[in-house]
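J.: Supplied in structure tokens, the structure appears directly below.
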Amino acid sequence: MAQPTDTGLRRALLALVAGLALLAMTPRASADECVPAISGLEKFHAAVRDAGAGKRARPLTVLHLGDSHISLDGFTRGLRTAWQARFGDAGRGLMPGVPFRYYAPDGYTLAMNGPWDVFSSLPADASGPFGIQGFRIEASSREAVITLASETPLTGVEIEAHGGPETGAILLHLGEAAPLRLQTRQAEPGYIRFRVPAANVREVRLSPAGTGPVRLLGWAMLKSAMPGIRYDSHGIVAATAAVTTRWDAAIVRAQIAALKPDLVILGYGTNEGFNNGLDRAAYRALVEGLADQVVQAAPGASLALLGPFDGARQGSGEACADGWATPPNLEAVRTVLRDVAAERGFFWDGGAAMGGRCAADRWARADPPLMFADRVHLRASGGELLAASLHEALMAGACHGTDAPG
């Protein structure tokens, strides 16, 4: 049988994503005709149905944590776009300031100037308070300023900080209004969350008030769509699931409880799969503990675990072509995640969605390529394809009756 050309592969994949997108935008059956919700996604699907029926007073909320695949919006963009097209844009949570180079979330222009210190939870010896964003920024001087410009009007801002006996106040400027002073000083060190309404502003500026250090964990920009969807995606380049063990458990629990997500997506596994020395038993225990932490903090949410995308490298592994090989622990990681999801949620196999083993090599060779030459990271077109596949998997069986933002 003749093998498909790279161009033929790309055309086939584009046809697949077009079909998935058409299915995703096709009105679902009525509630009486709904197929049963997919196992592991029942709570999320119930929330989707309530939103579609106008029975929900707050936005659908999705929290997505993971590695470099979601550190930028190349992969998550497709999910966010599809959900916002159906339900409307209720905003999103952001990392604090500009925690790493190239951080540029869709819909916002960010700048961080002055004497800010950035702390990452990625290093094994990372210390200090971290939340679900995985970063913290600190400053004391009024000269340290973060500015944000939104493409569309905002109706509110949430700020997450860590306060204590020595911390100071935050000055928050919303548009041209006089600054608000938000005090983070408190008797005991701990998590603080501020929620400030805004009168359809597009510009936000934040700085210390000069009364002590401020420690920012993250912030969120809220919008008015009803029911709307809020999709918070936080990824750390080179992260494994072990990064979450360096987060403050009390902060994480409080953040997730305040967010009240309807769906939590965990997207770790690629970097573990490239680790030849992976201790599979220890990895299983780690993933089980993380999944249980999420379930306990968000009892009303469904949990989805994503199996890593296919990848390849030069060196050891199962051969593909021209010296490229599949790291043997990628499939072992998928097996662990699939087993954990069988007891606690839903599993989606990113490698299978790409076409199975050696797909990364084929995607990198496609014309034009769907993956970068490293056979690990997706190009925008590859991210679009996989986002459509994941969106359809998450929404299958979630019968709802709205096709436009409310």
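J.: In the range 223-248, which residues are open to solvent by 20 Å² or more (accessible area, probe 1.4 Å) and either farther than 18 Å from R86 by Cβ or without any contact (Cβ under 8 Å) to a residue 60 or more places away in the chain (or both)?
T.: V237, A238, T240, A242, T245, R246, W247, D248
J.: Would you mind telling me which numbered condition in (1) more than 21 Å from R58 (Cβ to Cβ); (2) open to solvent by 20 Å² or more (accessible area, probe 1.4 Å); (3) assigned to a loop (DSSP other than H, G, I, E, B) H162 fails?
T.: (3)
J.: Another question, then. Residues of the range 132-182 being farther than 29 Å from I265 by Cα and of a type in the set (K, R), which ones?
T.: Within the range 132-182, R142, R181 qualify.
J.: Does the range 181-194 include one or more residues that are touching a residue at least 12 places away in the same chain (Cβ under 8 Å), under 20 Å from P105 (Cα atoms) and open to solvent by less than 20 Å² (accessible area, probe 1.4 Å)?
T.: Scanning the range 181-194, I find no residue that is touching a residue at least 12 places away in the same chain (Cβ under 8 Å), under 20 Å from P105 (Cα atoms) and open to solvent by less than 20 Å² (accessible area, probe 1.4 Å), so the answer is no.
J.: Still on this model: Any idea how many residues of the range 331-349 are without any contact (Cβ under 8 Å) to a residue 60 or more places away in the chain, open to solvent by less than 50 Å² (accessible area, probe 1.4 Å) and under 22 Å from the mean Cα position of the chain (by Cα)?
T.: The total comes to 4.
J.: Moving on. For the range 308-325, check the following and say yes or no: at least one residue is out of contact with any helix residue (DSSP H, G or I) (no Cβ under 8 Å at 6 or more places or on another chain) and open to solvent by less than 20 Å² (accessible area, probe 1.4 Å).
T.: Checking the range 308-325: at least one residue is out of contact with any helix residue (DSSP H, G or I) (no Cβ under 8 Å at 6 or more places or on another chain) and open to solvent by less than 20 Å² (accessible area, probe 1.4 Å).
J.: In addition: Yes or no: the range 268-281 includes at least one residue that is more than 24 Å from L390 (Cβ to Cβ) and in contact (Cβ under 8 Å) with a residue 60 or more places away in the chain.
T.: No: zero hits.
J.: Identify, from the list A239, A220, A254, the residue that is of a type in the set (G, A, S), at pLDDT 95 or above and over 15 Å from the mean Cα position of the chain (by Cα).
T.: Step by step, each of A239, A220, A254 is checked, and only A254 is of a type in the set (G, A, S), at pLDDT 95 or above and over 15 Å from the mean Cα position of the chain (by Cα).
J.: Looking at this structure, is S71 in contact (Cβ under 8 Å) with a residue 12 or more places away in the chain, more than 22 Å from M226 (Cα to Cα) and open to solvent by 40 Å² or more (accessible area, probe 1.4 Å)?
T.: no
J.: So which residues in the range 62-78 are outside any strand (DSSP E or B) and under 22 Å from A291 (Cα atoms)?
T.: D67, S68, H69, I70, S71, T76
J.: While we're on this one: Which strands (runs of 3 or more DSSP E) does the range 91-146 wholly contain that include 3 or more residues that are surrounded by fewer than 21 Cβ atoms within 10 Å (Cβ to Cβ)?
T.: Output list reads 108-113, 117-120.
J.: Looking only at the range 165-209, which residues are part of a loop (DSSP other than H, G, I, E, B) and acidic (D, E)?
T.: E166, E176, E188
J.: Now a separate question. Quick one: would you say G397 is touching a Pro at 6+ places or on another chain (Cβ under 7 Å), at pLDDT below 95 and not in a strand (DSSP E or B)?
T.: Here the answer is yes, as G397 does meet what is asked.
The values are calculated or read from the model by the stated rules, or taken from the named source; none is laboratory data. This one's a predicted model, so the numbers in the text were calculated from it and none came from an experiment. Note that each Cβ is placed from the backbone with ideal geometry, even for glycine, and that neighbours are counted across all protein chains shown. All accessible areas refer to the heavy atoms of the entire protein, side chains included, with ligands and DNA or RNA removed. Shrake-Rupley method; radii C 1.70, N 1.55, O 1.52, S 1.80 Å.
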